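K.L.:
Quick one: the structure is below, questions incoming.
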Amino acid sequence: MTLTDRPQERPRRTGPVVDIRDLHISFASDAGSVKAVDGVSLRVAPGEVLAVVGESGSGKTVTAKSILGLLPASATASGMVLLAGKDGDSATDVVAVPKARLRELRGTDVAMVFQEPSTALNPVYTVGWQIAEGLRAHTSMSRREARERAVDVLRRVGIPDPEQRVDYYPHQFSGGQKQRVVIAMALVLDPGLIVADEPTTALDVTVQAEILDLLRRCRDDFGASILLITHNLGVVADLSDRVAVMYAGEVVEEASTAELFAHPREEYTKKLLAAVPYVGQGRERAAARATARRESAEAGTEPATLVEADGLRISYPGRLGRPAFTAVDGVSFRLASGEVLGLVGESGSGKTTIGRSIAGLTRVTGGSLRVLGQEMRGVKERTFRPRRVDIGFVFQDPASSFNPLLTIAECVAEPLVVHGRAGDPRAARHRVDELLEAVQLPRAYGDRYPHELSGGQRQRASLARAIALEPQLLIADEPTSALDVSVQARVLELFSELQARLGFACLFISHDLAVVDLLADRIAVLHRGRLVEEGTGEQVLGAPQHAYTQRLLASLPVPDPVAQAGRRAELHRLRASEESSSSAPR
């Protein structure tokens, strides 16, 4: 049997694929029992996509993991989670069955697509081995048959050259391709339900659009139902049939996707929808700042240029006889004092490489790059070190950029100590308290460790550390990509307030066009190391000239099911046009 045979062979179900009834889940801790899920009831019908949305800590992922019996030993669950079998009639209460029965259900009746494919895939085994692992556990297939099935499912999820790449290791795939491999692992045993936990978090908008198309095919071609866990309301509008909104462990609202976006009832749902940034939101702010700059220029106070790139080229040397890889190819731009320049593009376009080169972390190999008056091509570290005091850096993942052995106060004080502004973290504590208050964190949080803060709180602390030395220039590399929409909205609002008050220039690197449009005075679009378009948000996003910018814009999901359907059709048209152009004889 091949995967294409499956939809016709599956028995037709009449009842729900999963039926969650009055589910309660709590976790044992040193401080007592912590309730994570409080009386949740949900149903997923055959062939349906149910999206469960809410902030971090709302109980979304815990509810989803209960369907597969993946709760830790510290969890206590009550209620019922009825999972339909492949025969279409029988149902199993996952909460009450022994572990041996759970192992039989996982992969065959229900499978999970985890949030981070890099941690879900084992780095020491090929992807073909990992896909075939489920087949070996649940069937009597031979090794050759399992390999053929692995090749087949890789082809079905859009991995090019599956006959060769079935023997590749996870590190040999891009982020989007790794997510496809994880989806292939979920599909190979033909489950009736796929639980997708944040399957597009931190992916580029173009890759995200491809993954959403793939999940749509899982439903339409494979006949699978999908329980989608996400905080991205654009993704919800693009893919789901119904939506359940969770808050503090409870379902506060449930409706069809069209109904919920058009007429949300609960105040929490309205706040979630209002927090989503959209393209065009920042144009009034950008226009006001442009007017202020023109008035300053007319008054003879034109801002100084802090960063100027002219034909910037950055290459990485090849290994084992391979040619050098050019990450940035002939890029030219300038960044003035007090200005925010948004740098957008897909992974591999050269965004982060440019940011690192400005900070002196990546060597410039061609052209010219002047930062704070210093030419970076050929610069020595001891020459550039005194200028680092004027450059701040906000990293994409604050959890990995903080030392887990240091308190938040010690982490924020680090640049003050390194650059001699304070003798030790204790001497810098007064300044640290001021910085924490500036980013709207209580002073007491300075005594906590990074793991004791939420994602949004850690990102605020990261911002406090970046502005500790009152830099002239701030480099923000994807600072909000993995945050909930409401947390992201608060961080962006805080960032905008600090930038206006402190007046630092900023290179804001992101793949989210709506976020960049909200903050940036100008936007530069990178594609394969080249600058393809630059201008104000109104110019670049309102009337994009380059085909790549048009595709980026069409790939961005919006929280409106009707509008998103039109955008999806436009994206498919652009893709078809690009494919026909590339295949046309030259």
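K.L.:
Pick out the one residue from ASP447, ASP433, ASP390, ASP424 that is acidic (Asp, Glu) and touching a Ser or Thr at 6+ places or on another chain (Cβ under 8 Å). Explain how you work it out, then say what you get.
P.N.:
Numbers: ASP433 fails: touching a Ser or Thr at 6+ places or on another chain (Cβ under 8 Å); ASP390 fails: touching a Ser or Thr at 6+ places or on another chain (Cβ under 8 Å); ASP424 fails: touching a Ser or Thr at 6+ places or on another chain (Cβ under 8 Å).
Just a single option satisfies the conditions, and that option is ASP447.
K.L.:
Collect the residues in the stretch 24-42 that are farther than 14 Å from TYR247 by Cβ and assigned to a strand (DSSP E or B), keeping them in residue-number order. Give the derivation first.
P.N.:
Just the residues of the stretch 24-42 that are farther than 14 Å from TYR247 by Cβ, to begin with: 24-34, 41-42.
Scanning the stretch 24-42 gives HIS24, ILE25, SER26, PHE27, ALA28, SER29, GLY32, SER33, VAL34, SER41, LEU42.
K.L.:
Can I ask one more? Can you find a residue that is assigned by TED's automatic domain parsing to the domain that holds VAL491, of a type in the set (Val, Ile, Thr) and in a loop (DSSP other than H, G, I, E, B) anywhere in the stretch 514-530? So that I can check it myself, show each step before the final result.
P.N.:
Going residue by residue through the stretch 514-530, those that are assigned by TED's automatic domain parsing to the domain that holds VAL491 are 514-530.
Pick out the ones that are also of a type in the set (Val, Ile, Thr) and you get 515-516, 523, 525.
Applying the additional criterion that residues be in a loop (DSSP other than H, G, I, E, B) yields none.
No, the stretch 514-530 has no match at all.
K.L.:
Okay, moving on. If you check GLY282, GLY234, GLY223, which single one turns out to be among the small types (Gly, Ala, Ser) and at positive phi?
P.N.:
Testing whether each residue is among the small types (Gly, Ala, Ser) and at positive phi leaves just GLY223.
K.L.:
Then there's this: Out of LEU306, LEU312, report the one residue that is crowded, with 17+ Cβ neighbours inside 10 Å, without any contact (Cβ under 8 Å) to a residue 60 or more places away in the chain, among the aliphatic types (A, V, I, L, M) and in a strand (DSSP E or B). Walk me through how you get there before you give the answer.
P.N.:
Working: LEU306 fails: without any contact (Cβ under 8 Å) to a residue 60 or more places away in the chain.
LEU312 is the lone residue from the list that is crowded, with 17+ Cβ neighbours inside 10 Å, without any contact (Cβ under 8 Å) to a residue 60 or more places away in the chain, among the aliphatic types (A, V, I, L, M) and in a strand (DSSP E or B).
K.L.:
Identify, by number, the condition in (1) in contact (Cβ under 8 Å) with a residue 40 or more places away in the chain; (2) crowded, with 20+ Cβ neighbours inside 10 Å; (3) farther than 29 Å from LYS60 by Cα that THR126 doesn't meet.
P.N.:
Going through (1) in contact (Cβ under 8 Å) with a residue 40 or more places away in the chain; (2) crowded, with 20+ Cβ neighbours inside 10 Å; (3) farther than 29 Å from LYS60 by Cα one by one, THR126 breaks only (2).
K.L.:
Condition test on PHE325, is it at pLDDT below 90 and in the same structural domain as ARG490 (by TED's automatic domain parsing)?
P.N.:
On the way: at pLDDT below 90: yes; in the same structural domain as ARG490 (by TED's automatic domain parsing): yes.
Yes.
K.L.:
Could you tell me whether LEU483 is of a type in the set (A, V, I, L, M, F, W, C), modelled with pLDDT under 90, part of a helix (DSSP H, G or I) and closer than 30 Å to GLY345 by Cα?
P.N.:
Taking the combined requirement at face value, the residue does not satisfy it.
K.L.:
OK, next. Mind listing whichever residues of the stretch 84-132 are in contact with a strand residue (DSSP E or B) (Cβ under 8 Å, 6 or more places away or on another chain) and aromatic (Phe, Trp, Tyr)?
P.N.:
If the condition is that a residue be in contact with a strand residue (DSSP E or B) (Cβ under 8 Å, 6 or more places away or on another chain) and aromatic (Phe, Trp, Tyr), then PHE114 is the only one that fits.
K.L.:
Select from the stretch 129-159 the residues that are crowded, with 16+ Cβ neighbours inside 10 Å and among the basic types (Lys, Arg) and write down the one among them that is nearest to PHE173 (Cα to Cα).
P.N.:
ARG155
K.L.:
List the number of the failed condition for LEU492; all other conditions in (1) assigned to a helix (DSSP H, G or I); (2) of a type outside the set (Ser, Thr, Tyr); (3) in contact (Cβ under 8 Å) with a residue 60 or more places away in the chain; (4) out of contact with any Pro (no Cβ under 8 Å at 6 or more places or on another chain) hold.
P.N.:
Of everything listed in (1) assigned to a helix (DSSP H, G or I); (2) of a type outside the set (Ser, Thr, Tyr); (3) in contact (Cβ under 8 Å) with a residue 60 or more places away in the chain; (4) out of contact with any Pro (no Cβ under 8 Å at 6 or more places or on another chain), LEU492 misses just condition (4).
K.L.:
Which one of these does PRO404 not meet: (1) touching a residue at least 24 places away in the same chain (Cβ under 8 Å); (2) within 19 Å of ARG448 (Cα to Cα); (3) assigned to a loop (DSSP other than H, G, I, E, B); (4) out of contact with any His (no Cβ under 7 Å at 6 or more places or on another chain)?
P.N.:
(4)
K.L.:
Return the only residue of GLU163, GLU148 being part of a helix (DSSP H, G or I), of a type in the set (Asp, Glu) and more than 27 Å from LEU105 (Cα to Cα). Working first, answer last.
P.N.:
Details: GLU148 fails: more than 27 Å from LEU105 (Cα to Cα).
After applying the criteria, what remains is GLU163.
K.L.:
Which residues, taken from the stretch 513-550, are touching a residue at least 40 places away in the same chain (Cβ under 8 Å), among the charged types (D, E, K, R) and within 30 Å of LEU498 (Cβ to Cβ)?
P.N.:
First, the residues of the stretch 513-550 that are touching a residue at least 40 places away in the same chain (Cβ under 8 Å): 513-531, 534, 536-538, 541-542.
Checking which are among the charged types (D, E, K, R) leaves us with 517, 521-522, 528, 530, 534, 538.
ASP517, ASP521, ARG522, GLU534, GLU538 - these are the residues of the stretch 513-550 that are touching a residue at least 40 places away in the same chain (Cβ under 8 Å), among the charged types (D, E, K, R) and within 30 Å of LEU498 (Cβ to Cβ).
The values are calculated or read from the model by the stated rules, or taken from the named source; none is laboratory data. Because the structure is a prediction, the values reported are computed rather than measured. Virtual Cβ from ideal backbone geometry, glycine too; neighbours counted across all protein chains shown.
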